[in-house]
Amino acid sequence: MVGPVRPQIVLFGSSIVQLSYSHGGWGAILSDLYSRKADILVRGYGGWNSRCALQVLQQVFPKDAAVQPSLVIVYFGGNDSLRPHPNGQNAHVPLPEYVENMRKIAIHLKSLSEKTRVIFLSAPPVNEAQILDRYGHSNRTNELCHKYSEACIELCHELDVKVVDLWTALQQREDWMTACFLDGIHLSSEGSKIVVKEILKVVKEAEWKPSLHWRSMASEFWECLPFIPAAHDSNGNGNKNLPVDEPVGSWQTQWL
């Protein structure tokens with residue numbers, strides 16, 4: 001293990017998480033924003049459902065770990081919401097079981113430490129026509145995605161867990177069906193930008209102490225520069241009363 005120990009932000013979920021560093025994905029964007037501030041750890045497993053997640057929950061998040069994550073972002077639901085196959089050989093999980101699985105995941109994560117924060121991502125919509133065109137068949141419907149999304153959101157309200165409503169967030173774009181997906185299921189760079197925007201909104205508005213928003217966290221070893229750039233206000237004027245921190249890249253300003 002390399003040091004010093006930074007806060008850990010863990011992304012835990014199915015293929016939406018596993019692919020979050022591909023195609024301008026939301027995991028890659030978060031990693032860029034939190035560079036020198038926190039370590040983004042990806043625990044993404046394509047094809048998994050909440051039942052699979054429960055099987056490894058203790059291994060991925062052991063309670064006796066020397067360092068516990070500061071934030072865990074969880075996504076399961078898209079595969080759970082598949083229409084059940086007649087022979088039972090797919091990832092479908094009945095809605096009541098899905099809710100109980102997610103409840104157990106939330107309770108376990110919240111028990112890791114007093115400082116471990118949790119955000120759930122609800123199931124996003126899909127482009128049913130794009131899936132059919134690409135794969136020739138589909139066992140995913142927006143009707144089922146919506147039911148599982150609503151159930152996740154309701155559970156989070158019950159447990160006082162922060163939640164990002166991806167079902168609603170993606171559909172705020174008029175062209176969401178063509179802009180937000182690579183294949184009707186997995187997120188394009190535009191879809192990932194929406195995910196990042198919504199996650200950062202939750203983190204910024206949360207009354208967590210300390211704050212886990214990327215602009216509120218100190219950059220590691222910033223004081224070791226051979227020179228310290230002057231802090232500037234929004235007009236570019238030097239201001240000795242502003243905290244000195246790593247400058248924001250032009251590509252990062254959209255996330256302020």
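The values are calculated or read from the model by the stated rules, or taken from the named source; none is laboratory data. Since the structure is predicted, the reported quantities are computational estimates derived from the model, not experimental observations. Ideal geometry is used to build each Cβ from the backbone, glycine not excepted, and the neighbour counts take in all protein chains shown. For accessibility, only protein heavy atoms count, side chains too; no ligands or nucleic acids. Shrake-Rupley method; radii C 1.70, N 1.55, O 1.52, S 1.80 Å.
See the values below:
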item: Accessible surface, 1.4 Å probe, highest first, among residues Met1, Met102, Met177, Met217; result: Met1, Met177, Met217, Met102
item: The chain - percent relative contact order, Cα under 8 Å, separation 6 or more; result: 17 percent
item: Segment Thr141-Gln172, extension gain: residue separation times 0.36 nm, minus the distance between their alpha carbons; result: 9.3 nm
item: Greater than 19 Å apart at Cα, pairs in Lys37/Lys204; Lys115/Lys197; Lys147/Lys197; Lys110/Lys209; Lys37/Lys63; result: Lys115/Lys197; Lys147/Lys197; Lys37/Lys63
item: Distance cut-off 17 Å, percentage of C-alpha pairs in region 175-222 lying past it; result: 51 percent
item: Residues with amide H under 5 Å from that of His92, placed H, sequence gap 5 or more; result: His85
item: Descending Cα extents along the principal axes, region 88-233, whole Å; result: 60, 36, 26
item: By accessible area with a 1.4 Å probe, ligands and nucleic acids excluded, highest first: order of Glu143, Glu97, Glu174; result: Glu174, Glu143, Glu97
item: Within region 1-25: backbone nitrogen closer than 16 Å to the Trp222 label point (7 Å, Cα to C-beta); result: 7
item: Candidates Ala206, Ala106, Ala66: whichever shows maximal mean-square fluctuation once the chain is modelled as a Gaussian network with Cα springs under 10 Å; result: Ala66
item: Share of carbon and sulfur in the accessible heavy-atom surface of region 1-83 [1.4 Å probe, %]; result: 50 percent
item: Separation in nanometres of the label points that stand 7 Å from Cα toward Cβ, at Met1 and Ala206; result: 2.1 nm
item: Ranked order, Lys115, Lys37 - accessible area, probe 1.4 Å, largest first; result: Lys115, Lys37
item: Helix axis angle, 189-205 relative to the chain longest principal axis, alpha carbon, degrees; result: 60 degrees
item: Within the chain, helix-based [θ] at 222 nm, where runs of 4 or more DSSP H residues each add -39,500 (n - 2.57), nearest 500; result: -10500 deg cm²/dmol
item: Amide N of region 129-171 lying under 15 Å from the label point, which is placed 7 angstrom from the Cα of Arg103 along Cα→Cβ; result: 151-161
item: All-pairs alpha carbon distance profile, region 1-112, 10 Å steps from 0, percent; result: 14, 41, 33, 11, 2, 0
item: Alpha-carbon spread of the chain, three principal axes, descending order, Å; result: 67, 44, 32
item: Considering only the chain, percent of DSSP beta bridges that pair antiparallel, nearest 5; result: 10 percent
item: For region 170-195 versus region 7-74, the gap between their alpha-carbon centres in whole angstrom; result: 21 Å
item: Average accessible surface area per residue within the chain, 1.4 Å rolling probe, Å²; result: 52 Å²
